[in-house]
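Participant: Pasting a structure here, questions to come.
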Amino acid sequence: MTYLSQSDVSALEATALKAADYLDACDAGARTVRLDPTYYQACGNLLMKIFLMADAHQNFPELLERSSAAREVAEAVDINHRIMLSRVGYYSELSLILNRASL
């Protein structure tokens, strides 16, 4: 796990805020911004990477309260984490079942 200083977290929060603001503006109908699909995807990917590196619930609670896009990305990261834990925990059992089924 990477250690992040408070200044690192602050910089990530500023970046995440900009990305989430763009996503929210586009999701609201892009009245105040120009919709650019490539930039939209890049903002989503960036937000995902930030939340994978720094726990969003612990480090960015104000952002999650303010931004629906940030909440959705944080939820996706949480779901991914639970799936990965389940896969590691149940992989051998699942593999055995699949091998039996394929015979």
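Participant: Among 22, 40, which comes first, then next, by fewest other beta-carbon atoms within 10 Å? Write down the numbers at each step before the final one.
Facilitator: On the way: 22 22, 40 19.
Ordered by Cβ neighbours within 10 Å, fewest first: 40, 22.
Participant: Which FRET efficiency value, to the nearest 0.05, do you get for residue 81 and residue 3 by plugging their Cβ-Cβ distance into 1/(1 + (r/R0)^6) with R0 = 25 Å?
Facilitator: Calculated transfer efficiency: 0.85.
Participant: Separate question: Suppose every K and R has +1 on its Cβ and every D and E has -1 on its Cβ; what is the size of the dipole of the chain about the Cα centre, in Debye to the nearest 20? Don't skip to the end; give the middle numbers.
Facilitator: On the way: 9 positive and 13 negative charges, 71 e Å.
So the magnitude is around 340 debye.
Participant: Applying the Karplus parametrisation 6.51 cos²θ - 1.76 cosθ + 1.60 with θ = phi - 60° to the phi angles of segment 9-16, what ³J(HN,Hα) value in whole Hz is obtained for each residue in order, glycine and proline being reported as x?
Facilitator: Working through the residues one at a time gives 5, 5, 5, 5, 5, 4, 5, 4 Hz.
Participant: Sorted from fewest to most neighbouring beta carbons within 10 Å, what does the list 55, 21 look like?
Facilitator: On the way: 55 14, 21 18.
With the sparsest Cβ surroundings first, the list reads 55, 21.
Participant: Expressed as a fraction of 2.2 N^0.38 Å, the rule-of-thumb size for a compact globular protein of N residues, what is the C-alpha radius of gyration of the chain?
Facilitator: Here the answer is 1.39, to two decimals.
Participant: Let me have the relative contact order for segment 6-102, percent, based on Cα pairs under 8 Å that are six or more residues apart.
Facilitator: Relative CO of segment 6-102 lands at 27 percent.
Participant: Further question: Compute the acute angle (0 to 90°) between the alpha-carbon long axis of helix 37-53 and the principal axis of greatest extent of the alpha-carbon atoms of the chain; round to the nearest 10°.
Facilitator: That works out to roughly 60 degrees.
Participant: Something else: Counting other Cβ atoms within 10 Å of each Cβ, which trypsin sites (Lys or Arg not before Pro) in segment 38-93 have at most 14 and sit in a DSSP loop?
Facilitator: Passing both the DSSP loop test and the Cβ count: no residue.
Participant: Order by neighbour count: 46, 96, 23, fewest other Cβ atoms within 10 Å first, most last.
Facilitator: Ranking 46, 96, 23 by Cβ neighbours within 10 Å, fewest first, gives 96, 46, 23.
Read-outs: derived from the displayed coordinates by stated rules, not from any lab. This one's a predicted model, so the numbers in the text were calculated from it and none came from an experiment. Here Cβ is always computed from backbone atoms with ideal geometry, including for glycine, and neighbour counts include all displayed protein chains.
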